[in-house]
Amino acid sequence: MATTEADQRKKKSDAFQYGTYSAKLTADDHKEMLLQLYLARYFDVRLIKEKKRGRLTGTLYSSHNQEAVLVGSLYGLKPKDWISPIHRDMPAFFMKDIKAGWRNLDRMGMSVQQVCAQVWGRVDSPGRARDNWSHIGSRSKHIIHSTSMLAGTIPAAAGVAYADRLSGGDAVVLTYNGEGSTAQGVFHEAINFAAVHSLPVVTVIENNQWAYGTPTYLEYSQEDFARRADGYGIPGLVADGQNVLDVYDKVLEAVDYARSGKGPSIVECKTFRAYGHGDHDDDRAARYRPKEEVEAGRARDPIAVMKRIMVERGLMTQKEAATYAAEGKSASEVSNEDFPPDVVAYLSEGIEFAINSPLPPAEEGGMWVFREEN
Amino acid sequence: MAVAEQVSSKKNYLTALKEAVFEEMQRNPDMVCIGEDIGFLGGAFGVTEGLKAMYGPERVIDAPISEAAIVGVACGMCLNGKTTLVEMQFIDFISCGFDQIVNMTATYHYRTAGEVNMPMVIRGPAGGYGGGALYHSQMNEAWFANSPGLKIVCPSTPRDAKGLLKSALRDPNPVMVYEMKELYRQNKIAEEVPEGDAALVPIGQASIRREGDDVTLVTYGNNVYHCLAAADNLAEEGFSAEVLDIRTLVPLDEATIIESLKKTNRLVVVNEAPRTCGFAGEVLARMSEEAFEYLDAPPARVTRLDTPVPWVKPLELYVLPSVEKITDAALRVCKF
Ligand SMILES: Cc1ncc(C[n+]2csc(CCOP(=O)(O)OP(=O)(O)O)c2C)c(N)n1
Ligand SMILES: [Mg+2]
């Protein structure tokens, strides 16, 4: 049964039709998007390896198999747009505006060095390692700082959007949330507010079928989390979260809608969490999730889906597609040779920087409770 | 039974909690457990592992990520005759259910002139020292101590963990149980834990962890162990410290503290929460009202700085109470 389901899904991808926005993407865009998929994947597997080697402490929340959601949603944004990533979106911090140059420090995304310094808990992290993992952000780079409180930044997203409009801007604010987090009261309050005021807020729901150890049918009574939009009278779109081009189309449709003043929308991206909730949960997840479900959920690796499309459209040869074979492999199976050298080099620069960055001085624990000077 | 996983008869804090939950579920068919990931997963830390398999999905509810609804639904069940055990995955997330606790649940008995009881227990992993950062390290008990109608306990040993949780589940009032997650799996403190009614530890009774004559260190939770270590340091300096674990914050066992002060005449109070309006301040205030005549020196408190709990180790230790900070404060009080 699992294989038939996987086959059906495969067929769906093969039948992919370009949408309004993806139809305009060039061959170079396709290549760049594929490269970014590799980059997000490499971030994940490399951190798992670093942790296994004992070079890293702290929990990792893997975005393995969900990379198309990040790449596809970020690709169509303008530099001035804001994003609000959460625990499973770590690569988003350095992939925002990455089109402006991976190593360009003036672009509107963080440097990979900064993000690695955060992961390693070092002073060169944007938050000087005061809080862990994804709890960073940057006002100047238009990245809202997350907390642990799920859905807690959507109200702030609405506030940022409101303020931007008040100042005559036309930026869009894109927030990310797991499907489980849509059950938070504040999710409802914030989107309702955004809808009433037609605020340019796009909420991406990363539906990876699980919220920690809880399956979707215990989180929401309908199949599509996008239907949450109906109650607010706003658009609710569903994207194939394994297909970076479909995510790109749906998110950009919502972004354009928002930018033109029509208000917020929700874009649900259907995907699947490859591993445990965090790396601490891998062993238990193997018990609470049926093996067949996990295999079916991982059957459509976003890297493979993109390669297939590119080969079909003649943007890549079969041979080229086989060169860097990261798809379908877990962190323990994959090696640096499975990734383009650029990708490996880029992240390695970040990690080297992080390792050489010092810990913050202890006294900083007592600083910045209040602003002291006026 | 799923809880008997340790070979030795000594049980750790986590196993003791598990035993309390399983025993009370067995004893009370009207008891319902509700929380995030408590069923299939068995809870983030495994306190309810095996519970759903044993008692079924009606009595062990895997709730959506909705803390306000979780507390509020539990409140409704209490209103309609059930006993409820609410798990907060981390006590930090309780802020998302705050209104349903302080306005809905805590006041119910009061505003109905005693018509309605709220046999609800809210338990969750709390406390710092584990590198959990701002939102996985909190001790926010003072928010609730300042909300009349809620009892608050904070066990520091496996026996107390089991005994207080069991008592909480038999109490007709809402009780908050602050569990020390850094103690969950500490083998050093594993001990024999009684079964059934013999395990009950009454709410509202302090416990003397170490006897002494020169100064009383009043504390609870993680800092019990820091105070015991500080007492060793003080002994080297020639001072004998009494370590008093209050175990229950509300209602506070003032009598035991006063008895101790009659003997030692010196007081240091330690809590992990921030200083301003932390529970240590409450203890000091009460003792200055009730036991002023027994004090030979101004009392002191050791608390977290008035900051959040930062992530990386040097910063975390900078803001939290430590053995050294407690020793120093006690020495100052002893040498006054
Ligand atoms: C308010 C709040 N409640 C509970 C948690 C604990 N928690 C962290 S992640 C998580 C599951 C989130 O699931 P989902 O939203 O689907 O995102 P995913 O992890 O699957 O990407 C839970 C319950 C939290 N961080 N915040
Ligand atoms: Mg999820």
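Filter segment A:167-183 down to the residues that are more than 14 Å from chain B (Cβ to nearest Cβ), within 16 Å of ligand 1 (Cβ to nearest atom) and open to solvent by 10 Å² or more (accessible area, probe 1.4 Å) and list them by number. Answer for segment A:167-183, where residues must be more than 14 Å from chain B (Cβ to nearest Cβ), within 16 Å of ligand 1 (Cβ to nearest atom) and open to solvent by 10 Å² or more (accessible area, probe 1.4 Å): there is none. Condition check for A:Gln114 on (1) away from every other protein chain (no Cβ under 14 Å); (2) buried (at least 24 other Cβ atoms within 10 Å of the Cβ); (3) within 16 Å of the chain's Cα centre (by Cα): one failure, at (3). For beta carbons closer than 8 Å, sequence separation of 6+ or different chains, a first residue in segment B:42-70 that is more than 8 Å from chain A (Cβ to nearest Cβ) and in a loop (DSSP other than H, G, I, E, B) and a second that is surrounded by fewer than 23 Cβ atoms within 10 Å (Cβ to Cβ) and hydroxyl-bearing (Ser, Thr, Tyr), the qualifying pairs are B:Phe45/B:Tyr184. Is segment B:133-144 home to any residue that is open to solvent by 50 Å² or more (accessible area, probe 1.4 Å), within 22 Å of B:Cys33 (Cβ to Cβ) and outside the structural domain of B:Pro314 (by TED's automatic domain parsing)? Scanning segment B:133-144 turns up no residue that is open to solvent by 50 Å² or more (accessible area, probe 1.4 Å), within 22 Å of B:Cys33 (Cβ to Cβ) and outside the structural domain of B:Pro314 (by TED's automatic domain parsing). The one condition from (1) within 16 Å of ligand 2 (Cβ to nearest atom); (2) more than 30 Å from B:Asp37 (Cα to Cα) that A:Thr175 does not meet is (2).
Test A:Ala362 against the criterion of being modelled with pLDDT of 95 or more, more than 16 Å from ligand 1 (Cβ to nearest atom), touching a Cys at 6+ places or on another chain (Cβ under 8 Å) and within 14 Å of chain B (Cβ to nearest Cβ), and give yes or no. Walk me through how you get there before you give the answer.
Numbers: modelled with pLDDT of 95 or more: yes; more than 16 Å from ligand 1 (Cβ to nearest atom): yes; touching a Cys at 6+ places or on another chain (Cβ under 8 Å): no; within 14 Å of chain B (Cβ to nearest Cβ): yes.
No: the conditions fail for A:Ala362.
Of all the listed residues (B:Gly238, B:Gly163, B:Gly204, B:Gly221), the sole one being farther than 17 Å from B:Tyr129 by Cβ, buried (at least 22 other Cβ atoms within 10 Å of the Cβ) and at pLDDT 95 or above is B:Gly163.
Residues considered: B:Tyr178, B:Tyr110, B:Tyr129. Of these, the only one that is modelled with pLDDT of 95 or more and within 14 Å of chain A (Cβ to nearest Cβ) is B:Tyr129. The condition (being more than 8 Å from chain B (Cβ to nearest Cβ), part of a helix (DSSP H, G or I) and buried (at least 23 other Cβ atoms within 10 Å of the Cβ)) is satisfied by just one residue among A:Ala163, A:Ala158: A:Ala158.
Let's see how each residue does on (1) within 14 Å of chain B (Cβ to nearest Cβ); (2) within 15 Å of ligand 1 (Cβ to nearest atom):
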{"residue": "A:Ala190", "(1), (2)": "yes, yes"}
{"residue": "A:Thr203", "(1), (2)": "no, yes"}
{"residue": "A:Leu218", "(1), (2)": "yes, yes"}
{"residue": "A:Asp224", "(1), (2)": "no, yes"}
{"residue": "A:Ser265", "(1), (2)": "no, no"}
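If you check B:Val243 against the conditions, is it part of a loop (DSSP other than H, G, I, E, B) and not acidic (Asp, Glu)? Spelling it out, it is not the case that B:Val243 is part of a loop (DSSP other than H, G, I, E, B) and not acidic (Asp, Glu). Residues in segment A:194-242 that are in a helix (DSSP H, G or I), of a type in the set (A, V, I, L, M), open to solvent by less than 20 Å² (accessible area, probe 1.4 Å) and within 16 Å of ligand 2 (Cβ to nearest atom): A:Ala226 only. Of all residues in segment B:79-96, those satisfying the criterion of being part of a helix (DSSP H, G or I) and within 16 Å of B:Ala44 (Cβ to Cβ) are B:Ile91, B:Asp92, B:Phe93, B:Ile94, B:Cys96. Every condition in (1) closer than 23 Å to A:Gly121 by Cα; (2) at pLDDT below 95; (3) open to solvent by 80 Å² or more (accessible area, probe 1.4 Å) holds for A:Ala331 except the one numbered (3).
Within segment A:160-189, residues that are in contact (Cβ under 8 Å) with a residue 40 or more places away in the chain reach partners that are open to solvent by 40 Å² or more (accessible area, probe 1.4 Å) and of a type in the set (A, V, I, L, M, F, W, C) with beta carbons closer than 8 Å, at six or more positions or on different chains, in the pairs A:Asn177/A:Leu150; A:Gly178/A:Leu150; A:Ser181/A:Leu150.
When we screen A:Val305, A:Val247 for residues that are within 16 Å of ligand 1 (Cβ to nearest atom) and in contact (Cβ under 8 Å) with a residue 12 or more places away in the chain, the only hit is A:Val247.
Meeting the requirement of 1 or more residues that are at pLDDT 95 or above, closer than 23 Å to A:Ala158 by Cα and not acidic (Asp, Glu), the helices (runs of 4 or more DSSP H) wholly within segment A:1-117 are A:67-75, A:92-95.
Within segment A:15-28, the set of residues being in contact with a helix residue (DSSP H, G or I) (Cβ under 8 Å, 6 or more places away or on another chain) and of a type outside the set (A, V, I, L, M) comprises A:Phe16, A:Tyr18, A:Gly19, A:Thr20, A:Tyr21, A:Ser22.
Taking segment A:334-348 as the search range and keeping residues that are buried (at least 16 other Cβ atoms within 10 Å of the Cβ) and either outside any helix (DSSP H, G or I) or of a type in the set (D, E, K, R) (or both), which one is nearest to the other protein chains (Cβ to nearest Cβ)? Of everything passing the filter in segment A:334-348, A:Val334 is nearest to the other protein chains (Cβ to nearest Cβ).
The rows are residues; the columns are (1) farther than 12 Å from B:Val218 by Cβ; (2) assigned by TED's automatic domain parsing to the domain that holds B:Ala329; (3) in a strand (DSSP E or B).
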position: B:Ser260; (1), (2), (3): no, yes, no
position: B:Lys263; (1), (2), (3): yes, yes, no
position: B:Glu272; (1), (2), (3): yes, yes, yes
position: B:Leu284; (1), (2), (3): no, yes, no
position: B:Glu289; (1), (2), (3): yes, yes, no
position: B:Ala297; (1), (2), (3): yes, yes, no
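The values are calculated or read from the model by the stated rules, or taken from the named source; none is laboratory data. Because the structure is predicted, anything quoted here is derived from the model rather than measured. Cβ atoms come from the backbone with ideal geometry, glycine included; neighbour counts cover every protein chain shown. Accessible surface is based on the protein model in full, side chains and every heavy atom, while ligands, DNA and RNA are left aside. Shrake-Rupley method; radii C 1.70, N 1.55, O 1.52, S 1.80 Å.
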